There are 2 protein chains.
Amino acid sequence: MTPGKRYASSTDVARLAGVSQSAVSRAFTPGASVSAETRRKVMAAADALGFRPSIIPQIMLTNRSGLVAVIVGGLRNAFYGAVLERFATRLRDAGHQVLLVPVESDYSLDTVLEELRSYRVDAIVSGLAVLSQEVADALSAFRIPIVSCNTSVTSDWVASVDSDNRGAGRVAAEWLRRCGGTRFAFLAGPEESPASRDRLDGFRAGLAALGLGEPRVVIGDYSYDGGRAAAARLFAEAPADAIFCANDLVALGAMDAIRKRLGLRIPEDVMVIGYDDIPSAAWDSYDLTTFDQDPEGLVVQALDLVREMGESGPARGRVRVVEARFIPRGSTRNPPP
Amino acid sequence: MTPGKRYASSTDVARLAGVSQSAVSRAFTPGASVSAETRRKVMAAADALGFRPSIIPQIMLTNRSGLVAVIVGGLRNAFYGAVLERFATRLRDAGHQVLLVPVESDYSLDTVLEELRSYRVDAIVSGLAVLSQEVADALSAFRIPIVSCNTSVTSDWVASVDSDNRGAGRVAAEWLRRCGGTRFAFLAGPEESPASRDRLDGFRAGLAALGLGEPRVVIGDYSYDGGRAAAARLFAEAPADAIFCANDLVALGAMDAIRKRLGLRIPEDVMVIGYDDIPSAAWDSYDLTTFDQDPEGLVVQALDLVREMGESGPARGRVRVVEARFIPRGSTRNPPP
DNA sequence: TTGAAAGCGTTACCAG
DNA sequence: CTGGTAACGCTTTCAA
């Protein structure tokens, strides 16, 4: 192609405007001391050439790129879409650019981090839970501030934002009990998901505090199909009437299995509670009782950590917790007054 | 913070390894001529210092950043989430980094493009439809290859990928007619959406070809709530029994309104067809007849255009079309044999 | 195979 | 307020 030259440089502009290259730089620097006349000449030449300062040399000088990487694991879940959109919008409003990094598992995380490092990203926000303390420590070697969502593990360079999963589990247990539930079950996410585990822990604790036994647990995978299959497996063994699900997608799948395949009614025969409050949860066909994870709060806290780490540098033990707000809807019966 | 120095440079590595800086560069350049011994020393020193070449100076030299910007308008629709994830994955596989740019309207597009230019992005993929020929021409001034999805407008620097919306509209009309539809309606997206307009055009053409009259049209906004409201407005005026919707979200909202609010049955009383084949369309509660927009094909074509423009430079009139595959499900009756 | 040196486009500093 | 110069970290000549 070679369309002449793709980009004009400040030197080109300086030549055309009849000033020094430094003058051009100053004309584009807010608050620099330039005479109105010089600025006018520079801007005219810049417009003629389609010039805008490149940010690349600046990155080279400062080692700050303005880039923040956001690592996501799977966008099929509308909740992640909503969170990602918020991150992207707020990061841009704060003057950053968003580097989107899709990662299958934390297996490939090391390779990815090498690349991000070579781009001098200022920080990394990970939707992927950083699983173990070892991984968190290993990540510190990269010396890039990392904020991990849905974990409470931290290290020098890793901070985290966590939802109050345990608290929510307890609330679910109490509500289902108050509304007349007797046979409790938990449809879990992937076995290794800390969020799913914490929700179950809270659910267990809540039931125990009420003098009730262990809930039955079916392992799933955070998807609609997984929820449907899990519900089928659950009822194939024995019925349940109070089901807490690891997330909304699982709950919606379970609801469809319960109604369309098993022919039971919700909430009369079976009550269901989800987690996330994705848009579909509010749809007329489901009207799912769930928890709002406060995506706004999650994003705000995460970005506040990014800012804080950028300013004060690494420090161990930064954790923020966002509350999960209970949203009772029609998939659970009304409690007695 | 200042943790000593954040990044080691090739000069630091050279000093530690007792070689020249050029040697370090070569050791990291595949196919460069370095002796095994030198490479060994360099790598040892690099590991000790945690060194990896910065990509920034390279960008400065070549004006190619490896960055491809993806502009998205709203991630609430799961279809866009799925498409975005594919884009991100494939772009990374092709060795690019993905810059995610959320944009409310094309109002702010100019500002955004200035920024992207200063980052020397190699190309821009826009999920936002580039509306008019004027906008497309204006975009050419930025001299960055742009691929626009869901438009057929092009210019020197703007290529586009379009779904066969008209063809799908015709198929919808034919299917609804064959299955016994008599009172046709179209629930549109935003008035200015070219995709929605094209789907309607095809629907109209299909009905006309069958000797049928104009469908009734209700303007909406591509959302579930919009679909619900649009269906309510439609039936408040007069009933319909064959409804084609601008996308799946609208269709799902309409289905819920028709069943839960109006007390009608689907498909016995009313048939509904959507567009996109988002995951929820296949859920048991909806089982929505729809069109698969072939997100895979969309992404492949778009990235092929990116590659092509990167290699051969600007050229007018690059358009690719991806087929929409019809997926009959339970929200329409079975056609007579 | 190796080292020295130029150059990419900025910003920041220093004299004038 | 202005122009010259150093510096950032790399790749790429050019000589040796």
Which residues, counting only those in segment A:288-315, are more than 14 Å from chain B (Cβ to nearest Cβ), touching an Asp or Glu at 6+ places or on another chain (Cβ under 6 Å) and farther than 22 Å from residue A:88 by Cα?
-> A:290
If you go through segment B:124-139, how many residues are within 14 Å of chain A (Cβ to nearest Cβ) and surrounded by fewer than 17 Cβ atoms within 10 Å (Cβ to Cβ)?
-> 1
Residue list for segment B:81-116, filter: of a type outside the set (Ser, Thr, Tyr), surrounded by fewer than 18 Cβ atoms within 10 Å (Cβ to Cβ) and facing chain A (nearest Cβ under 9 Å) | B:104, B:112, B:114
Here are A:148, A:160: which of them is of a type in the set (Gly, Ala, Ser) and either on the phi > 0 side of the Ramachandran plot or without any contact (Cβ under 8 Å) to a residue 24 or more places away in the chain (or both)?
-> A:148
Here are A:233, A:178: which of them is out of contact with any strand residue (DSSP E or B) (no Cβ under 7 Å at 6 or more places or on another chain), of a type outside the set (Asp, Glu) and over 25 Å from residue A:73 (Cα atoms)?
-> A:178
Looking at residue A:121, is it buried (at least 21 other Cβ atoms within 10 Å of the Cβ), modelled with pLDDT of 90 or more and not basic (Lys, Arg)?
-> yes
Report yes if some residue within segment B:5-28 is under 27 Å from residue B:109 (Cα atoms) and either more than 12 Å from DNA strand C (Cβ to nearest atom) or in contact (Cβ under 8 Å) with a residue 12 or more places away in the chain (or both); otherwise report no.
-> no
With criteria (1) surrounded by fewer than 22 Cβ atoms within 10 Å (Cβ to Cβ); (2) outside any helix (DSSP H, G or I), residue A:304 comes up short on (2)
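Does segment B:54-76 hold any residues that are under 22 Å from residue B:310 (Cβ atoms), more than 13 Å from DNA strand D (Cβ to nearest atom) and not hydrophobic (A, V, I, L, M, F, W, C), and which are they?
B:65
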For residues in segment A:182-192 being touching a Lys or Arg at 6+ places or on another chain (Cβ under 9 Å) and surrounded by 18 or more Cβ atoms within 10 Å (Cβ to Cβ), which is farthest from residue A:253 (Cα to Cα)?
-> A:184
Out of the residues in segment A:56-68 that are facing chain B (nearest Cβ under 9 Å) and crowded, with 19+ Cβ neighbours inside 10 Å, state the one that is nearest to residue A:112 (Cα to Cα).
-> A:67
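Please verify whether residue B:195 is surrounded by fewer than 23 Cβ atoms within 10 Å (Cβ to Cβ) and over 25 Å from the mean Cα position of the chain (by Cα), treating the condition exactly as stated. Give the derivation first.
Details: surrounded by fewer than 23 Cβ atoms within 10 Å (Cβ to Cβ): yes; over 25 Å from the mean Cα position of the chain (by Cα): no.
No, not satisfied.
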Residue B:71: closer than 14 Å to residue B:125 by Cα, surrounded by 13 or more Cβ atoms within 10 Å (Cβ to Cβ), among the aliphatic types (A, V, I, L, M) and under 36 Å from the mean Cα position of the chain (by Cα), yes or no?
-> yes
All but one of (1) within 12 Å of chain B (Cβ to nearest Cβ); (2) surrounded by 19 or more Cβ atoms within 10 Å (Cβ to Cβ); (3) within 8 Å of DNA strand C (Cβ to nearest atom) hold for residue A:78; which doesn't?
-> (3)
Just to be sure, is residue A:92 modelled with pLDDT under 95 and not in a helix (DSSP H, G or I)?
-> no
Which residues, taken from segment B:95-111, are among the aliphatic types (A, V, I, L, M) and modelled with pLDDT of 90 or more?
-> B:98, B:99, B:100, B:101
Residue B:20: among the hydroxyl-bearing types (Ser, Thr, Tyr), closer than 24 Å to residue A:70 by Cα and more than 7 Å from every other protein chain (Cβ to nearest Cβ), yes or no?
-> no
Taking segment A:107-164 and keeping residues farther than 30 Å from residue B:59 by Cβ, outside any strand (DSSP E or B) and of a type in the set (D, E, K, R) leaves A:134, A:137, A:164
Scan of segment B:9-53 for residues that are in a loop (DSSP other than H, G, I, E, B), crowded, with 19+ Cβ neighbours inside 10 Å and within 9 Å of DNA strand D (Cβ to nearest atom), ordered by number | B:51
Test result for residue A:46, more than 7 Å from DNA strand C (Cβ to nearest atom), within 44 Å of the chain's Cα centre (by Cα) and within 14 Å of another protein chain (Cβ to nearest Cβ) = yes
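The values are calculated or read from the model by the stated rules, or taken from the named source; none is laboratory data. What you are looking at is a predicted structure, and each value in this text was computed from that prediction instead of being measured. In this analysis, Cβ positions are derived from the backbone assuming ideal geometry, glycine residues included, and neighbour counts consider all displayed protein chains.
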